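Encoded as structure tokens, the structure appears first; notes follow it.
Please treat every number below as a calculation from the coordinates, not as lab data. Note that the structure is a prediction, hence the values are computed from the model and not measured. Here Cβ is always computed from backbone atoms with ideal geometry, including for glycine, and neighbour counts include all displayed protein chains.
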């Protein structure tokens, strides 16, 4: 009698663990982007003096940045560091200077860029 209960139980547990092992991990949830706030921050910090949403100015178009970093792990942190510390060589000869912007505000702008730079 015990054997009759144990065998089906083991089969169920084995099937469950195989299914769990084959399941994909959940995708990280991206926070909602406040496009209006991100655009206001970009204006306050003069980002639009060198960047546009859909065309290259001095620096790359935001949509080009989003395309280059799409799906890359650590893209948010990398781009926030570029905004705050400046960078050179990634998009041509003109360096991007460091910007005096808080990490939280830089994250808001970069999240908006990575989400496609859409307007509200």
Exercise. At what distance in nm do the modelled label points of residue 44 and residue 58 sit from each other, each positioned 7 Å from its Cα along Cα→Cβ?
Worked result: 2.1 nm
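What is the Å³ per residue value for the convex hull set by the Cα atoms of the range 32-114?
87 Å³
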Problem set entry | By average C-beta atoms within 10 angstrom, highest first, the peptides 38-46, 92-100 | 38-46, 92-100
